[in-house]
Structures are given as structure tokens and as C-alpha cells.
Amino acid sequence: MVQARLALIPVLSIAAATPGLAGDLAAGGTAASTVAQDDFQTRPYFFGDLGRSRLKELGIDISGGLVNETVGNLSGGTLQTGANAGQASIQALFDMEKLANITGGTFGITLVGRWGDNLAEVANIPALMLLNEVYGRGNIVRLVDFHYNQALFDGAVDIKVGRLAVGADFGFERCDFINLTFCGSVPGNIVGNYIFNWPVSQWGGVLKVHLTDDLTFSAAVYDENQTYLSVQAKWALLPSWPSGSEGALVPLELKWTPTLWNLSGTYKFGGWFDTATANNAVTSINGQPQLISGLPYAQDYGRYGFYVSVIQQLTGNAQGPNPKQGLWSFFNFTYADPRTSTTLYQVAWGLQQHGTFAGRPDDEIGFAIGTTGINPRLATAQTEANWLGLGPGYVQHNEYVLEAYYGFQATGWLNLKASLQYVIDPGGYSSPVNENAWVVGLRTTVAF
């Protein structure tokens, strides 16, 4: 029996850049002509143009959409059931050159409303990564983006300040799969206790230096504060700056976007460090594993990590009339601070074919495999604690995930994606009471 809850949360927002699921929100593309706008099947927005083309000419670019994921587990957990979760958003970008004669200036704001349930919780599957990635950070409306961006030196430098989502500017850019292993900026997936992905934003500033046409260096500073996770409207919905900062998060990234042999690619090499003090992942204040001593955790200063993210087109023609079509591959590797991180690393690889059959140029089929690794220091501590009768009764290692999907572009504004996941050792451990999980899902994406 599928337990589902679906409520369309009205949101009002305006945005510049939308990570993760925003790739699906824009699946319909942009309006090519007045005729296309008037055709209900081919137009890019469910509600039609609504004067947006004219607004864009004036300097206001507005869009919005809905993403809903319905998933159910055929095996795994203690209950075979289902869950539903989703989000609605409206976004816009203001061209300040057209609106206020400020050359190179843009202002953006985004609000997102989320609803629904976490399948892993409903079915009691101890998964490390969400089985329906759109769930999370509260069933509320959040301010995802509130920023001003200024281009300088003829576009050679960009400076952005405001309430920002870290994943909007750093890490993996796509979210085509339903399992979180393959979705969004990976650092926020494995150390989400201090790197907050969409839809949480925090005050910060980003500097981007465009070294060449296809090479960009980015650096940023973000305020670290757990208050940004609050579900109270004062902090979640308004551009407030909470007191009690714990430190600063500083990510760095080099991005290379070559087009070689008419095939496009995106290569990112990045890392981060922070200035906060955090609990050790394993050790208590007396030097023993906390699982054994029961004492408070030891404290460590300055967390860090690094990542590599690659998206490469393998077939097709990036400079042709349909540059998205063809076979694509992606690869992500992220490694976190072994002193403070219980989930130490994540590796993911996948293939995606855009354009599947004759007459289906915008359909897509994808397959991915990935793993999230538990810190071996924690595994050693669990082994010792289990031997003394103080441990959890299992030892964690890796969670493995496979997912395949078919994305059907039903209209210019509607995409339906059927997905099948297989999760091996959910939570990173095997046990007679922790079966591998088969999960089926459907993602519905509507561009308003």
C-alpha cells in the first residue's frame, strides 16, 4: 500500500541559477516562436507565455516549475510501502543593465516549497543516501537564493554576494537520477551537517575569474551556522543573518569546459576547508572510541575535503543543431576529512543517452552505479565495541547503489521519468534483518 501525500505549495520566487533539479525544470527548453507558445503540446510552459517574453526583453526573466517523486520499495526495510515528495518553485533574474543602467549587474531571488515523506524513514530502510532525493530540509517554503552578481572587466570577473546555496556554484551540476548518490553537489551529500545543499541557503560571497573562454577559477566564503537549517520562517524564508556564527566555509574550484572533436565536457577539480571546531567522528576526550567510553567526543579544528567531477559527451555534435543529443558519461569522486566525517567518500559513475528512438529526440535513458563509504576508523571502533558488548551489533563499510531510468518528454513542459533502484547493504552494513532494497519510482516534472 502506497502511503502518499501530495500538496501543491504556492510559492513566489525569482532566481538566477538553480542547481540540481533545476535541470529537469528547464527540460522543455525556451520558447522559439509565438506559434510554439500557443501550441499546448510543444510550448515550454504549462501556462503559456503569460507575457514572459516581453518581460525578458525588459530585463525580467521569470520561470517556475514543479518536481514530484513517488517511490516505493519492493524489498528491503521492515515494510513494503511507498512515499511521495516534491517541490514547487518560481524563479526570476533581473538584468540591472536594462532596468537600472548598471552594466554587468544582475539580481536574483528564488523561493522553493517542499512537501512529502522520506521513503527510507517510512519503510525503515537505513540508507545512507536518500531514495527520493527531492525530500529534505523541512516541508516548508525556503529562500534558496537572494543575490546580486556584478560582472567586471568585460566579463572576466564575476562577484556574487547574498544568501546562496553552495551547490549553485560548486560541485556536480546535475540531478537526473532519483537516488541522492547521483544528484547534486556531492560534498553536501556526505557532509551535509555543515555543507548545505539546495534548498538551504546561507550568507556568502563568490568570486569567479574567467581565465580563458573555457577555464574558470572560483572561490567563495560562506557563513557557517546551524540556524540556516531552521524551519522557522524568520530564518528559512527571510534573508535574515543569524547570530552565533560557527566559522567560515571556503570552497575552491577549477572548472574546465572544453569542446574537443565537437564533443563538450565539464571538468571540475575542487576542495574546501572551514574554520569551525567539530566533533571527532570516532574518538572521545580520553582517546578511546566514544562507542566504548561514552564520554563526549574530542574536538578537531578545520574540516576539509576535495572532489573531482566530470561530465563528458561521448557521441553527437556539440556544435550541431541538437547539441544535447548523444551519449554522455559522468564521474564523481569526493573525499572528506577522515577526522570528523563518518561518511568518508562517495564515488559515482553513469551513462546517459539523450535522444533514444526515432521520433523521440528529447527522451533520455540513464544508468548509474555508485558507492558511499563509511570511515574505516568508525568500522574499527564498532568492531571493538561489539566485542565488548557495547556496539551496535554490526560493522559499517559501504552502501552500493545502482539506478536505471527512462525519461519520457511527454510535452514541451512535462517530463515523466520511470526509475528502478537497487540498494546493496543499505546503511553500509549487511545483516539478516537488513535486506537489499529494490525501489521503483516516478518523477514528474512540470515547467510552469
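The values are calculated or read from the model by the stated rules, or taken from the named source; none is laboratory data. Only a predicted model underlies this, so the values are computations on that prediction, with no experimental measurement involved. Note that each Cβ is placed from the backbone with ideal geometry, even for glycine, and that neighbours are counted across all protein chains shown.
Sort through 61, 117, 95 and tell me the only one that's charged (D, E, K, R), modelled with pLDDT of 95 or more and within 30 Å of residue 399 (Cβ to Cβ).
117
Working carefully through the options 410, 368, 418, 358, find the one that is touching a residue at least 12 places away in the same chain (Cβ under 8 Å) and either farther than 24 Å from residue 69 by Cα or surrounded by fewer than 17 Cβ atoms within 10 Å (Cβ to Cβ) (or both).
On inspection, the qualifying residue turns out to be 418.
Looking for something crowded, with 17+ Cβ neighbours inside 10 Å, in a loop (DSSP other than H, G, I, E, B), aliphatic (A, V, I, L, M) and touching a Leu at 6+ places or on another chain (Cβ under 7 Å) - is there at least one such residue anywhere in the stretch 83-96?
Checked against the condition, which is being crowded, with 17+ Cβ neighbours inside 10 Å, in a loop (DSSP other than H, G, I, E, B), aliphatic (A, V, I, L, M) and touching a Leu at 6+ places or on another chain (Cβ under 7 Å), the stretch 83-96 yields no hits at all.
Just the residues that are crowded, with 16+ Cβ neighbours inside 10 Å and closer than 17 Å to residue 183 by Cβ, please, taken from the stretch 309-330.
Of everything in the stretch 309-330, those that are crowded, with 16+ Cβ neighbours inside 10 Å and closer than 17 Å to residue 183 by Cβ turn out to be 309, 310, 311, 328, 330.
Going by the conditions given, is residue 193 within 22 Å of the chain's Cα centre (by Cα), assigned to a loop (DSSP other than H, G, I, E, B), crowded, with 19+ Cβ neighbours inside 10 Å and modelled with pLDDT under 95?
Against the criterion (within 22 Å of the chain's Cα centre (by Cα), assigned to a loop (DSSP other than H, G, I, E, B), crowded, with 19+ Cβ neighbours inside 10 Å and modelled with pLDDT under 95), residue 193 does not qualify.
Those residues that are part of a loop (DSSP other than H, G, I, E, B) and over 21 Å from residue 68 (Cα atoms), I need them from the stretch 128-164; list them, please.
Those that are part of a loop (DSSP other than H, G, I, E, B) and over 21 Å from residue 68 (Cα atoms): 128, 153, 154, 155, 156.
Which of the residues spanning the stretch 185-220 are among the hydroxyl-bearing types (Ser, Thr, Tyr) and free of Cβ contacts under 8 Å to residues at least 60 places away in the same chain?
201, 212, 216, 218 - these are the residues of the stretch 185-220 that are among the hydroxyl-bearing types (Ser, Thr, Tyr) and free of Cβ contacts under 8 Å to residues at least 60 places away in the same chain.
Considering only the stretch 229-241, I want to know if a residue exists there that is of a type in the set (Phe, Trp, Tyr) and in a strand (DSSP E or B).
Start the filter on the stretch 229-241 by keeping residues that are of a type in the set (Phe, Trp, Tyr), which leaves 235, 241.
Adding the requirement that they be in a strand (DSSP E or B) leaves none.
No; the residues of the stretch 229-241 include none that is of a type in the set (Phe, Trp, Tyr) and in a strand (DSSP E or B).
Taking the stated definitions as given, is residue 110 surrounded by fewer than 17 Cβ atoms within 10 Å (Cβ to Cβ), in contact with an Asp or Glu (Cβ under 9 Å, 6 or more places away or on another chain), within 25 Å of residue 203 (Cα to Cα) and hydroxyl-bearing (Ser, Thr, Tyr)? Spell out how you get there, then give the answer.
Details: surrounded by fewer than 17 Cβ atoms within 10 Å (Cβ to Cβ): no; in contact with an Asp or Glu (Cβ under 9 Å, 6 or more places away or on another chain): yes; within 25 Å of residue 203 (Cα to Cα): yes; hydroxyl-bearing (Ser, Thr, Tyr): yes.
Criteria not met by residue 110.
Table: residues versus (1) hydrophobic (A, V, I, L, M, F, W, C); (2) over 23 Å from residue 348 (Cα atoms); (3) touching an Asp or Glu at 6+ places or on another chain (Cβ under 7 Å).
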| site | (1), (2), (3) |
| --- | --- |
| 263 | yes, no, no |
| 280 | no, yes, yes |
| 289 | no, yes, yes |
| 293 | no, yes, no |
| 296 | no, yes, no |
| 305 | no, no, yes |
| 308 | yes, no, no |
| 312 | no, no, no |
| 324 | no, no, no |
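Mind counting the residues in the stretch 374-392 that are surrounded by fewer than 21 Cβ atoms within 10 Å (Cβ to Cβ) and either at negative phi or of a type in the set (D, E, K, R) (or both)? Steps first, answer last, please.
First, pick out the residues of the stretch 374-392 that are surrounded by fewer than 21 Cβ atoms within 10 Å (Cβ to Cβ): 376-377, 379-380, 383-392.
From what's left, either at negative phi or of a type in the set (D, E, K, R) (or both): 376-377, 379-380, 383-388, 390-392.
Residues in the stretch 374-392 being surrounded by fewer than 21 Cβ atoms within 10 Å (Cβ to Cβ) and either at negative phi or of a type in the set (D, E, K, R) (or both): 13 in total.
Return a yes/no flag: does the stretch 125-136 have any residue that is at pLDDT 95 or above, surrounded by fewer than 21 Cβ atoms within 10 Å (Cβ to Cβ) and of a type in the set (A, V, I, L, M, F, W, C).
Within the stretch 125-136, not a single residue is at pLDDT 95 or above, surrounded by fewer than 21 Cβ atoms within 10 Å (Cβ to Cβ) and of a type in the set (A, V, I, L, M, F, W, C).
Which residue pairs have Cβ atoms under 9 Å apart, sit 6 or more places apart or on different chains, and have a first residue in the stretch 307-320 that is under 21 Å from residue 195 (Cβ atoms) and a second that is assigned to a loop (DSSP other than H, G, I, E, B) and among the aromatic types (Phe, Trp, Tyr)?
Note: pairs meeting the criteria are 307/170; 307/172; 309/172; 311/172.
Looking only at residues in the stretch 225-236 that are touching a residue at least 40 places away in the same chain (Cβ under 8 Å) and surrounded by 15 or more Cβ atoms within 10 Å (Cβ to Cβ), which one is nearest to residue 89 (Cα to Cα)?
236
State which residue pairs qualify: first residue within 12 Å of residue 303 (Cβ to Cβ) and inside the stretch 333-355, second residue among the basic types (Lys, Arg) in any location, beta carbons under 7 Å apart, and separation of 6 or more residues or different chains.
337/303; 338/377; 340/303
Determine, yes or no, whether residue 433 is surrounded by fewer than 18 Cβ atoms within 10 Å (Cβ to Cβ) and under 21 Å from the mean Cα position of the chain (by Cα).
no
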